[in-house]
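The structure appears right after this line, and notes come after that.
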Amino acid sequence: MRAARTAASYGARVAIAEAGPFGGTCVNVGCIPKKLFAYAAQFRDAFRDAADFGWRLAAPAFDWPTLRRNKDREIARLAGVYERLLAEAGVFIVRGRARLRDPHTVEVAGERYRARHILVATGSRPVKPPIPGAELGITSDDAFFLERLPARALVVGGGYVALEFASILNGLGVRTTLAYRGARLLRGFDAELGERIAAELAKKGIDVRLRANPARLDAGIEVAFEDGARERYDLVLFATGRRPNTGGLGLEAAGVALSAEGAVIVDRYSKSSVDSIHAIGDVTNRVNLTPVATAEAMWLARTLFRGEPTPVDHENVPTAVFADPNVACVGLAEEAARARFGAVDVYTASFRALRHTLGARDERVFLKLVVEPRTQRVVGAHMIGPEAGEVIQGIAIAVKAGLTKAQFDATIGIHPTVAEEFVTMRAKTR
Ligand code: NDP
């Protein structure tokens, strides 16, 4: 959508082929409905906190069909808005699945369309692990449309989707187990984030099991774990990664090279092995985040239709896992920074947020800055805590700009906030 609208705004004649609702994964079965569910889940603790602040409430009850219906209504509205925006931008909308016939021809619903440039932005889809009985489990695609909430759920995986859905289910009152095959959640993130979020999720009531992985599922749903344990769940959600949507697109026939996992291989300008075919977003399996895909779209439109060759910039992309509490970061993990610079200065803070001091909540905020010793530039900022996504978005500007620890320190804090600790960390942790 972003590529189509931006290219059209630069004067290109654009057609877009889509078989489903507009908005892709993010709008329909990803970011947006996920965040709505996450808001719903956070009320549980908020109601509990309310009592400590003097509010007396009748015992709150949660009604899943109401949330689902309201979410569906909002998502349908958004998909409609996106379709209208495309039409208003002068983009020609073609309904149906597209298939490439040659490097300049796309076939949709029996019609052939010729174009100077073809852009593949078909995203990715969740995959289940290849274990017996996997069909008894669902993926995030299904989780958005559950008829009813289960009493007991098993979430498999240790990445974004696993943590987010474990928090959602747990917050909505489902007895939730999170099973991850590795020793530390959020592989690729700063190690301390992975360790500490496991503890925070456990405090929230999630049964977090590390080095635990299902070996098979039988009717019931009875799950046999690799270590021999067996347990029953009403729902098993596989959050075990996603694969690029390149099947059935005619890419190979058009000469487009794919990676082993099926991603379109592209250069710094998002160009595939065929000059007239470009690809952006999850289908290229680079940095699989919505705002990265939309940025890639704008860089590409500039390259092709405004005569300004603009390579992708995947440096210092901020990101958030909308678990409860949030995990967010920008820049390098401590381990990655150490590997790159040899030595690093690390500043950390861990504390109870003011908001949680009146109640019994034992939730801890964690903040971390990773500094390159020679230049004193802040090369990584990491956080676990309330609205970490909102906080890190601001910090990301400073990290992207290459600001130093001294410049962080010269910034006045806003008191009392959680985020002020990012400008008041004076003593090196190591
Ligand atoms: P991730 O790649 O983040 O996590 C997949 C998890 O499943 C990992 O913990 C992985 O373990 C585990 N896993 C993979 N294969 C198996 C297997 N066969 N058996 C058991 N466990 C397995 O994928 P997600 O599906 O969570 O999300 C996909 C991507 O979508 C994310 O990486 C992110 O780019 C994007 N996303 C972004 C969000 C956001 O911005 N808030 C939200 C949701 C998704 P291991 O680490 O050991 O490989």
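No value in this document is a laboratory result; all are computed from the given coordinates. Everything numeric in this text was worked out from a predicted model, so none of it was measured. Backbone-built Cβ (ideal geometry, glycine too); neighbour counts: all protein chains shown.
Below are the figures for this structure:
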{"quantity": "Average projection area in nm² (convex hull over Cα atoms of the stretch 192-341, one quarter of hull surface)", "calculated": "13.2"}
{"quantity": "Calculated on alpha-carbon atoms, Rg and Dmax of the stretch 253-399 in Å", "calculated": "19.4, 64"}
{"quantity": "In the stretch 28-104, trypsin sites (Lys or Arg not before Pro) in a DSSP loop with at most 16 other beta-carbon atoms within 10 Å", "calculated": "56, 97"}
{"quantity": "Share antiparallel - DSSP beta bridges, the chain, percent rounded to 5", "calculated": "65"}
{"quantity": "Cα-based equivalent ellipsoid of the stretch 60-194: semi-axis lengths in Å, sorted from largest, via gyration tensor", "calculated": "37, 22, 16"}
{"quantity": "Per-q log10 I(q)/I(0), the stretch 131-203, q = 0.14, 0.22, 0.23 Å⁻¹ (Debye; single scatterer per alpha-carbon; no solvent)", "calculated": "-0.46, -1.04, -1.11"}
{"quantity": "Euclidean distance between Cα centres, the stretch 251-297 to the stretch 184-245, Å", "calculated": "31"}
{"quantity": "Sparse-neighbour loop sites [GluC sites (Glu not before Pro); the stretch 293-367; at most 11 other C-beta within 10 Å; DSSP]", "calculated": "315"}
{"quantity": "Calculated Rg and Dmax of the stretch 145-249 using C-alpha coordinates, Å", "calculated": "14.2, 46"}
{"quantity": "Calculated on alpha-carbon atoms, Rg and Dmax of the stretch 192-261 in Å", "calculated": "18.7, 53"}
{"quantity": "The stretch 1-140, Rg to Rh (Cα coordinates; Rh as Kirkwood inverse mean 1/r)", "calculated": "1.14"}
{"quantity": "Convex hull volume of the stretch 168-214 per residue (C-alpha atoms, cubic angstrom)", "calculated": "72"}
{"quantity": "Whichever lysines have a C-alpha closer than 29 Å to that of residue 204, once near sequence neighbours (fewer than 8 apart) are set aside", "calculated": "34, 35, 71, 128, 368"}
{"quantity": "Gyration tensor (Cα) of the stretch 323-430, equivalent ellipsoid semi-axes in angstrom", "calculated": "24, 14, 13"}
{"quantity": "Whole-Å semi-axes of the ellipsoid equivalent to the stretch 333-373 (Cα gyration tensor, √5λ, descending)", "calculated": "31, 8, 5"}
{"quantity": "Along principal axes, Cα extents of the stretch 232-312, largest first, whole Å", "calculated": "59, 30, 16"}
{"quantity": "Selection from 168, 369, 91, by position along the positive dipole direction of the chain (Cβ)", "calculated": "91"}
{"quantity": "Volume per residue that the Cα convex hull of the chain spans, once the total is divided by residue count, Å³", "calculated": "173"}
